[in-house]
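Inspection log for the structure reproduced underneath, given as structure tokens.
The values are calculated or read from the model by the stated rules, or taken from the named source; none is laboratory data. The shown structure was predicted, so the numbers you read here are calculated from the model rather than taken from an experiment. Cβ sites come from the backbone with ideal geometry, for glycine too, and all protein chains shown count toward neighbours. Side chains included, ligands, DNA and RNA excluded: accessible areas come from the protein's heavy atoms. Shrake-Rupley method; radii C 1.70, N 1.55, O 1.52, S 1.80 Å.
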Amino acid sequence: MPDDETQTQTLNRGSAARTPAGPPAPELAATAEAPAPWLLRLIAVGLVLAAVNLRPAITSLGALLEEVREGLHMSGSLAGVLTSVPPLCFAVFGVMAPRLARRFSPGAVVCAGLAAIAAGLVVRPYIGSTAGFLAASALALMGIAVSNILMPVIVKRWFPDRVGTMTGLYSMALALGTALAAAVTVPLTGAMGGNWQSGLAVWAVLAALAVLPWIVLVRDRTPAPGTPVPGPAAARPADAPTLRITRSRTAWGLACFFGLQATAAYITMGWMPQIFRDAGVSAGTAGVLLAVTMAMGVPLAFVIPRVAARLKQQGPIVVVLGFCGLIGYGGLYLAPAAGAWVWALLLGVANCAFPLALTMIGMRSRTGAGVVRLSAFAQSTGYLLSIPGPLLVGVLYQHSGGWGLPIALMAGLMIPQMVAGVLAGRDRTIEDEC
């Protein structure tokens, strides 16, 4: 099938052929010219750097969770609360992203979000109390939350003819940052004298670097490609329908799919190293195994969105990823240490439901405004649904004394994830249902 760019060019040629010569029709709004190439390149670089910083705050903590628990005197249940903080913050603060983006521009909000990530990461290890650690983590996660929501929005706004390609690019960068933090946090901590505070705080440097390209975009008001320019022709029609997204089955299916894949992802990032450590694997190797799981998203996060964008229905991809997850969890249950590398690879494939969900967000609406609404709804609702998962795993682990019940829970959640993903992957848009 032709790629996104070819399809867009074909549609443009067809539209030009059908447009009669002479002055433009009064109902057609003038649109902005293509932005400068340097601006698009800067936005692409900013997307990549922002994406790299959207998970180290979480996976670096997962690699050192045992040390943090001992240093702050946490119980297993309280550690479960800690691993539930990311989806809680994503659900609460993600709702704010569309309103903030309308008021300050998406670029300005992402810039502020990255600054919040850097501030939270540099402060949280040194506060010295569980409450302070949670508060500083929430600050960093607030920055991650708004950036999470706005990544698909920025792609749709600035790269409307390359949604699959750009989604794959920043998804690959996100997976790279996730894997990097999981792999090198333990060795970095050892190199810095075994101090877990320094091992966590070092990731603030990467976040601070990511702020730089977005500073240029804070005051940028260049209209996105195809955006109506101000004037009567660009006015919103009085009879334009209001998008009531809660009436869309596709939106709800996408929210549930997003929430269930997020549940699996945060359980994996928060607890998988501990599962391997309890099975007799060393701390360094357990961190590398988590890194392998996350690193699977580097190539696949670039390939899957491109493939998904060319398919009318994404259900088959959902099912394949789900079965990889079921096999991986089965292996963790039966032989966690003996087949550790295989289970890590399979769970890494299953975790690629995240870039698939982001791609479907961009495909399930016909307009940029619809993508903003759908991204906020699907991600905020999804993260809200994912909050109990990591907490429940911590409680089951503490009270059962082993990983049998928690792993069974993880495997069981893959079934509704596949059902919701097939529903969300149908060839329709939310405008058809609202």
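At a glance:
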read-out	value
Failed condition for residue 70, given (1) in a helix (DSSP H, G or I); (2) open to solvent by less than 20 Å² (accessible area, probe 1.4 Å); (3) at pLDDT 80 or above	(2)
Segment 331-348 - residue that is part of a helix (DSSP H, G or I) and open to solvent by less than 30 Å² (accessible area, probe 1.4 Å) and, of those, farthest from residue 178 (Cα to Cα)	331
Answer residue from segment 75-84, given it is open to solvent by less than 20 Å² (accessible area, probe 1.4 Å) and of a type outside the set (Ser, Thr, Tyr) and is modelled with the lowest pLDDT among those	76
Criterion (part of a helix (DSSP H, G or I) and within 26 Å of residue 105 (Cβ to Cβ)) met by exactly one of 299, 305, 316	305
Any hit, segment 53-66, residues being surrounded by fewer than 19 Cβ atoms within 10 Å (Cβ to Cβ), under 22 Å from residue 290 (Cβ atoms) and over 18 Å from the mean Cα position of the chain (by Cα)	yes
Set 91, 119, 108, 101: member being at pLDDT below 85, more than 22 Å from residue 395 (Cβ to Cβ) and surrounded by fewer than 23 Cβ atoms within 10 Å (Cβ to Cβ)	101
Hits in segment 308-317 (condition: of a type in the set (A, V, I, L, M) and free of Cβ contacts under 8 Å to residues at least 60 places away in the same chain)	311
Among the candidates 180, 139, residue that is within 14 Å of residue 52 (Cβ to Cβ) and surrounded by fewer than 24 Cβ atoms within 10 Å (Cβ to Cβ)	180
Residue count, segment 273-290 (criterion: under 13 Å from residue 185 (Cβ atoms) and open to solvent by 10 Å² or more (accessible area, probe 1.4 Å))	3
The listed residue being closer than 20 Å to residue 272 by Cβ and at pLDDT 85 or above, out of 334, 358, 374	334
